[in-house]
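Student: Below you will find the structure I want to go over with you.
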Amino acid sequence: QVQLVESGGGLVQAGGSLRLSCAASERTFSNYAMGWFRQAPGKEREIVAAISWSGSSTYYADSAKGRFTISRDNVLNTVYLQMNSLKPEDTAVYYCAASSSRYIRMRRDEYNSWGQGTQVTVSS
């Protein structure tokens, strides 16, 4: 399994921006599709965005479209989530995850490596 470490979370006012980063331990990082998920208190963990191994394909949940951008740097073994126009309903713990597939996956059970999560809190 790939070890993943997220960073970049924090407290921000509504309308603000944050950039989450997820560093992977393996040089084979470029073989895996990656995803960002989030889990708010009392809710299921849900996918936010996903990106294919090469970065050429991306997926966004409806809640993220037009505001969030997922990207990756296969030299730095890092995946990013740029979050703009943040809303209080974006408040959650954000997790990055690695799939064993090269291609975009949208279900939690299709990801086999998870980071520890980073808290994002958006105040109104």
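The values are calculated or read from the model by the stated rules, or taken from the named source; none is laboratory data. If you're wondering where the values come from, they're calculated on a predicted model, not measured in any experiment. Please note: Cβ atoms are built from the backbone with ideal geometry, for glycine as well, and neighbour counts cover all protein chains shown. Protein only, heavy atoms only, side chains kept; ligands, DNA and RNA dropped before computing areas. Shrake-Rupley method; radii C 1.70, N 1.55, O 1.52, S 1.80 Å.
Student: Looking at Asp62, Asp90, Asp73, which one is surrounded by fewer than 19 Cβ atoms within 10 Å (Cβ to Cβ) and in contact with a strand residue (DSSP E or B) (Cβ under 8 Å, 6 or more places away or on another chain)?
Tutor: On the way: Asp62 fails: in contact with a strand residue (DSSP E or B) (Cβ under 8 Å, 6 or more places away or on another chain); Asp90 fails: surrounded by fewer than 19 Cβ atoms within 10 Å (Cβ to Cβ).
Going through Asp62, Asp90, Asp73 in turn, just one is surrounded by fewer than 19 Cβ atoms within 10 Å (Cβ to Cβ) and in contact with a strand residue (DSSP E or B) (Cβ under 8 Å, 6 or more places away or on another chain): Asp73.
Student: In region 26-42, which residue that is aliphatic (A, V, I, L, M) and in contact with a Lys or Arg (Cβ under 8 Å, 6 or more places away or on another chain) is surrounded by the fewest Cβ atoms within 10 Å (Cβ to Cβ)? Please lay out each step first, then the result.
Tutor: Here is the first cut: in region 26-42, the residues aliphatic (A, V, I, L, M) are 33-34, 40.
Checking the rest, the ones that are also in contact with a Lys or Arg (Cβ under 8 Å, 6 or more places away or on another chain) come to 33-34.
On the way: Ala33: 25, Met34: 30.
Among them, the one singled out is Ala33.
Student: Could you pull out the residue among Val75, Val120, Val79 that is modelled with pLDDT under 95 and hydrophobic (A, V, I, L, M, F, W, C)? Give the derivation first.
Tutor: Details: Val120 fails: modelled with pLDDT under 95; Val79 fails: modelled with pLDDT under 95.
Matching residue, one of Val75, Val120, Val79: Val75.
Student: Being outside any loop (DSSP other than H, G, I, E, B), open to solvent by less than 30 Å² (accessible area, probe 1.4 Å), under 14 Å from Gly9 (Cα atoms) and among the aliphatic types (A, V, I, L, M) narrows it down to one residue among Val48, Val120; which is it?
Tutor: Val120
Student: Kindly list, by first and then second residue, each pair from a residue in region 103-124 that is touching a residue at least 24 places away in the same chain (Cβ under 8 Å) to a residue that is of a type in the set (Phe, Trp, Tyr) and open to solvent by less than 100 Å² (accessible area, probe 1.4 Å), limited to pairs with Cβ atoms under 6 Å and residues at least 6 apart or on different chains.
Tutor: Sorted first by the residue in region 103-124, then by its partner, the pairs are Ile104/Tyr59; Trp114/Tyr95; Gly115/Tyr95; Gly117/Tyr95; Thr118/Tyr94; Val120/Tyr94.
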